[in-house]
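See structure below.
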Amino acid sequence: MSSVNLARALRAIKRSVWVYHLNSGSCNACDIEILDALTPYFDVERFGIKLVGSPRHADLILFTGPVTRESLPKVVRAIRAMPRPRLILVLGSCGVSGGIWWDTYSTIGGFKKLEEVLRENGVEVDRVVYVPGCPVRPEAIIYGILLLLGVVEQKVKKVEVVASES
Amino acid sequence: MSIARILEIAFRTGRVTRKYPHEPPLLTPEFRGAVRVDPSKCWGCGACVKICPPNALSLRSDSGREVVLEYFVGRCIFCGMCAEVCPARAIEVTKEFELSSTSLESLKYGVAHRLVRCSSCGSLVWTEAELRAVIRSSPVAEEYVVLCPRCRKTRFARAASIRVGAGSE
Ligand code: SF4
Ligand code: SF4
Ligand code: SF4
């Protein structure tokens, strides 16, 4: 099952990405921004991005929310229903790391924990891109998708500097 | 609505689509993006760590000889409160939003601070930058400034008791 040629698959879907919007308990601001990105104002259909109603039809999941305990089993089922390669765009600080809900009792705290749960359940994810923002700007969503498809370069990198006297 | 009317509106309005990324993004003056910590100004005092609602800023100490102020933009909610409380004005709210990354590690930014030892008991008290800031901003006696709060209290109490003892004789 794990013999997915990711580069080939990305080349194939580059101009026609079907996305499924999966909310795992977000505050809805990130979801509104996804809708914004779909409007003529940002018009992601320029890139062939189209919203579909079922994860079975999706190439990419737009994932929002910190994964509430209530939504966890449904989220796992939705991602399992996706065909390979499974591409996930994790949107918002909630999705990336739990965000403002990182230590609440009712969430599992973002995608990193979800990844462990998915692995335990035998669901493989082929590519993940994290898009911080609270909420994410529509442009940030577009940038994230382009990064996932390999159109733009990643700007951020881990930096550690020593404090110096001014 | 008839198609003629729709076309009329469409021609009047013209194109509204932003051609991002081929065109600059629609950033308003109020927009807050990622914060930037200036390593030449930061003291490592931890005020921003205390105020940060989701713990996007943290102080960690791996070796014990230094502390690292770490900013994890993946958890930031872009509230700007850290910039407001920073006594050194080391934090600036930027308009940066192109933060997408394929790994969580690359979303981290750290400023390392060397710690200063108490000249009497040797415990690690504060950072070099903090010490410099205190010396610059307040007239503290040199023999006290390099002490930890406990040693400072002890020394002050000893000095006071000598004076009181000398006065009663
Ligand atoms: S990241 Fe912020 S805006 Fe997005 S769902 Fe979470 S709390 Fe809401
Ligand atoms: S000086 Fe400012 S940035 Fe540095 S630790 Fe203190 S509050 Fe944070
Ligand atoms: S902007 Fe807010 S959430 Fe982000 S680091 Fe500063 S205090 Fe924390």
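Observations, loosely collected:
- For segment B:21-166: span of alpha carbons on each principal axis (Å, largest first): 80, 32, 24
- nm² value of the averaged projected area, convex hull over the Cα atoms of segment A:1-99: 6.7 nm²
- Above 29 Å, the calculated P(r) of the protein assembly as shown contains 50 percent of its Cα-Cα pairs.
- Inter-chain shielding of B:122-130 (mean C-beta neighbours from other protein chains, 10 Å cut-off): 1
- The largest-to-smallest principal axis extents of the Cα set in segment B:108-149 are 38, 25, 12 Å.
- Under the shape rule built on the C-alpha gyration tensor, where the axes satisfy a ≥ b ≥ c, segment B:39-113 is oblate, since a/c reaches at least 1.5 while a/b does not exceed b/c.
- When all protein chains stay in place and ligands, DNA and RNA are ignored, the 1.4 Å accessible-area order of A:Ser24, B:Ser103, largest first, is B:Ser103, A:Ser24.
- Low-density loop positions, trypsin sites (Lys or Arg not before Pro), segment B:18-75 - DSSP coil, at most 13 other Cβ in 10 Å: B:Lys19, B:Arg65
- Seen from all directions on average, chain A presents a Cα convex hull projection of 11.8 nm².
- Count Lys and Arg as plus one, Asp and Glu as minus one, and take only other residues whose Cβ is under 10 Å from that of B:Ser123; the net charge is then +2.
- Ranked by solvent-accessible area (1.4 Å probe, protein heavy atoms only, all chains present), the residues A:Tyr130, A:Tyr105 order from largest to smallest as A:Tyr105, A:Tyr130.
- Axial C-alpha extent at least 24 Å, average Kyte-Doolittle at least 0.5 - helices from chain A (DSSP): none
- Within the same chain, lysines fewer than 8 places from A:Lys158 are excluded, and of the rest, those with a Cα less than 22 Å from its Cα are A:Lys112, A:Lys113, B:Lys41, B:Lys95, B:Lys108.
- Within a Gaussian network of chain A (alpha carbon springs, distance under 10 Å), most fluctuating of A:Arg46, A:Arg127, A:Arg84: A:Arg46
- In the full protein context, the protein assembly as shown carries 54 Å² of accessible surface per residue, based on a 1.4 Å probe and ignoring ligands, DNA and RNA.
- Exercise: per-residue mean of other protein chain Cβ atoms within 10 Å, B:102-112: 6
- Across segment A:38-166, C-alpha contacts under 8 Å between residues 6 or more apart give a mean separation that, scaled by the residue count, equals a relative contact order of 23 percent.
- Neighbourhood charge, 13 Å Cβ-Cβ cut-off, centred on A:Glu33 and excluding it, Lys, Arg +1 and Asp, Glu -1: -2
- Note on chain B: GNM, Cα springs under 10 Å; of B:Ser40, B:Ser58, B:Ser138, the largest mean-square fluctuation is that of B:Ser138.
- Residue by residue along A:103-110, Cβ atoms of other protein chains within 10 Å of the local Cβ number 1 on average.
- C-alpha long axis of helix B:149-168 to longest principal axis of chain B, angle in °: 30 degrees
- Buried accessible area, chains A and B (both chains, 1.4 Å probe, Å² to nearest 100): 4000 Å²
- Value at 222 nm in deg cm²/dmol, rounded to 500, when DSSP H runs of n ≥ 4 in the protein assembly as shown each add -39,500 (n - 2.57): -9500 deg cm²/dmol
- Helix B:128-137 axis, angle to chain B major axis (alpha carbon atoms, nearest 10°): 80 degrees
- Overall, the accessible surface of segment B:14-58 at a probe of 1.4 angstrom is composed of carbon and sulfur to the extent of 55 percent.
- Cα centroids of segment A:122-166 and segment B:1-48: 18 Å apart.
- The residues neighbouring A:Pro83, those whose beta-carbon lies less than 9 Å from its own, together hold a net charge of +2 under the Lys/Arg +1, Asp/Glu -1 convention.
The values are calculated or read from the model by the stated rules, or taken from the named source; none is laboratory data. Just so it is clear, the model here is predicted, and its values are computed rather than measured. Cβ sites come from the backbone with ideal geometry, for glycine too, and all protein chains shown count toward neighbours. With ligands, DNA and RNA removed, areas are computed over all heavy atoms of the protein, side chains included. Shrake-Rupley method; radii C 1.70, N 1.55, O 1.52, S 1.80 Å.
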